[in-house]
1. So, with a 1.4 angstrom probe, what is the percent of accessible area on region 7-78 that is carbon and sulfur?
2. Calculate the translational D of region 169-223 in whole µm² s⁻¹ from Stokes-Einstein, where the hydrodynamic radius comes from the Kirkwood formula applied to all Cα pairs, the temperature is 4 °C and the viscosity 1.567 mPa s.
3. Quick one: the Cα spread of region 21-76 along its three principal axes, in angstroms, biggest first?
4. Can you give the accessible area per residue of region 1-84, in Å², using a 1.4 Å probe?
5. Viscosity 0.692 mPa s, temperature 37 °C: give me the Stokes-Einstein translational D for region 6-50 in µm²/s, with Rh taken as the Kirkwood radius over C-alpha pairs.
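The values are calculated or read from the model by the stated rules, or taken from the named source; none is laboratory data. Computed from a predicted structure; not experimentally measured. Just the protein is used for accessible areas: all its heavy atoms, side chains included, with ligands, DNA and RNA removed. Shrake-Rupley method; radii C 1.70, N 1.55, O 1.52, S 1.80 Å.
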Amino acid sequence: MEQHPSYYTNIPAFVRYDEELLRKPKSILLYGEIVALSNQKGYCWASNSYFAERLRVSGRMIQDYLDILVTKGYVARKLIYKPHSKQVDKRILSIASRPGEADFMRGDEMDFTRPGEADFAENITSINTTSTNNTSAGTQSASSENPFDLIHEHHINANEGDHLPIFLNAIDQLGAPLVCWAIHQTVDGPAPHSWSYLKKVFDRLKADNISSVEEANKRAKEHKQGKNSRSVPKPRKKRIYD
């Protein structure tokens with residue numbers, strides 16, 4: 001039996017802005033995948049290996065993300081056992097409508113193997129893809145800002161469709177403060193609401209191996225100084241017979 005997800009997913013604010021999840025941004029994307037798969041029946045039964053393949057992480061990482069989502073009450077998890085056996089037949093995942101409403105597992109439903117090692121039934125056979133201000137960056141702490149708040153404030157569609165995995169991956173690789181810095185650079189640039197421009201800033205930061213806001217500010221200053229020096233005509237060298 002095949003299960004097909006919706007083309008679109010919905011990630012509520014309490015998940016998008018959760019500080020703990022922002023430190024592991026692909027856990028937010030996992031939540032979105034569960035939502036998309038659950039749109040038809042209200043639940044899904046995809047395995048860790050399925051999610052791992054889609055999110056390009058290990059099965060163990062998927063289990064860690066799922067444990068966080070379950071513990072926080074965002075996702076409900078239930079294991080279905082084969083008759084008269086402790087062997088898992090399938091795992092049911094569903095979404096809690098609000099924090100704290102998840103149907104947490106009872107003690108007798110706890111995984112009896114190391115997380116990520118259970119060979120859950122693979123029911124999925126096919127799927128459609130679901131999908132600081134430059135002048136103040138030195139004085140304002142980017143760590144106090146939330147990337148999702150900023151893209152909403154400046155109307156950058158980074159959390160829609162195929163953009164969301166790229167945006168979450170940038171938070172994962174660069175860190176939230178540096179992503180906020182990149183958003184401010186985009187707002188101050190020639191295309192203040194452009195997702196494509198923001199993506200170029202992410203690509204440049206990764207290519208230059210920038211790992212902090214301080215490094216980014218330094219590199220931006222060097223780039224600006226170099227650009228200004230090229231715009232000033234160089235004085236003509238004095239010839240011997242002048």
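1. Details: 1450 of 3050 Å².
The nonpolar share, carbon plus sulfur, comes to 47 percent.
2. Values: Rh = 11.0 Å.
Rounded, D is 117 µm²/s.
3. 29, 24, 14
4. Numbers: 3990 Å² over 84 residues.
Per-residue value: 47 Å².
5. Values: Rh = 11.2 Å.
Reported coefficient: 294 µm²/s.
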